[in-house]
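Trainee: Please read through the structure below; I'll follow up with questions.
The values are calculated or read from the model by the stated rules, or taken from the named source; none is laboratory data. What you see is a predicted model, and the numbers here were worked out from it, not measured in a lab. Here the Cβ positions follow ideal geometry from the backbone for every residue, glycine too, while neighbour counts run over all protein chains shown. Please note that ligands, DNA and RNA were not included when accessible areas were found on the heavy atoms of the full protein model with its side chains. Shrake-Rupley method; radii C 1.70, N 1.55, O 1.52, S 1.80 Å.
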Amino acid sequence: MQYHIEPITEFDASLLTPITDMLFQLTGRATKFGEQELRNIIENPASQLFILRVKNAVAGMLTLGRYPAPTGTKVWVEDVVVDSRWRGQGLGRELINEAIKYCQRELAPCTLMLTSNPARIEANELYRTSGFEPKHTNVYKYDCL
């Protein structure tokens, strides 16, 4: 299968619908994602959105967010999703591999991290077989609304 993964560095309105669709597939709920949200990601130097295309169709995405900390640069993998029409073909692995290569090439030294719901069996297997190691810690969240 012919595909390519591209870092998004300029606003492209044609990405809004497929990203919104994939966010629904990822979260199971409608998400407000429009021009301003996409521009915020693209314009933020600490954020990098990657889009995976198959035959020019948007088939997946992944976002990296980074920040400096006293213990070193941290990079978080966020919102990894392959459109349901393209799942089961190894495209999620390609997105993760691209994130790893990008971090090694552009951001090293850094620690690449992610979280994944334990119920997402296939995703967790992908991360383990891609070289990620479980970090035994609790993750807490607080929504600042």
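Trainee: List every residue pair whose Cβ atoms sit under 8 Å apart, with the two residues 6 or more apart in sequence or on different chains, where the first one lies in segment 96-116 and is more than 10 Å from residue 64 (Cα to Cα) and touching a residue at least 24 places away in the same chain (Cβ under 8 Å) and the second, anywhere, is assigned to a helix (DSSP H, G or I) and not aromatic (Phe, Trp, Tyr).
Mentor: 96/126; 110/103
Trainee: Additional query: Looking at segment 13-41, I want the residues that are open to solvent by 80 Å² or more (accessible area, probe 1.4 Å) and have a partner that is part of a helix (DSSP H, G or I) with Cβ atoms under 9 Å, at least 6 apart or on another chain. Which pairs are those?
Mentor: Qualifying pairs under 9 Å: 29/23; 30/20; 30/23; 30/24; 32/20; 35/13; 35/16.
Trainee: Take the residues in segment 1-35 that are aromatic (Phe, Trp, Tyr), under 22 Å from residue 92 (Cβ atoms) and not in a helix (DSSP H, G or I); name whichever of them is farthest from the chain's Cα centre (by Cα).
Mentor: Filtering segment 1-35 for residues that are aromatic (Phe, Trp, Tyr), under 22 Å from residue 92 (Cβ atoms) and not in a helix (DSSP H, G or I), the one farthest from the chain's Cα centre (by Cα) comes out as 3.
Trainee: How many residues does segment 104-132 hold that are surrounded by 14 or more Cβ atoms within 10 Å (Cβ to Cβ) and in a helix (DSSP H, G or I)?
Mentor: 5
Trainee: Right, something else. Would you check which residues across segment 66-98 are part of a helix (DSSP H, G or I), of a type in the set (A, V, I, L, M, F, W, C), open to solvent by less than 30 Å² (accessible area, probe 1.4 Å) and more than 20 Å from residue 46 (Cα to Cα) and list them?
Mentor: 91 - this is the single residue of segment 66-98 that is part of a helix (DSSP H, G or I), of a type in the set (A, V, I, L, M, F, W, C), open to solvent by less than 30 Å² (accessible area, probe 1.4 Å) and more than 20 Å from residue 46 (Cα to Cα).
Trainee: Which of the following residues is of a type in the set (D, E, K, R), at pLDDT below 95 and either surrounded by 10 or more Cβ atoms within 10 Å (Cβ to Cβ) or not in a helix (DSSP H, G or I) (or both): 135, 101?
Mentor: 135
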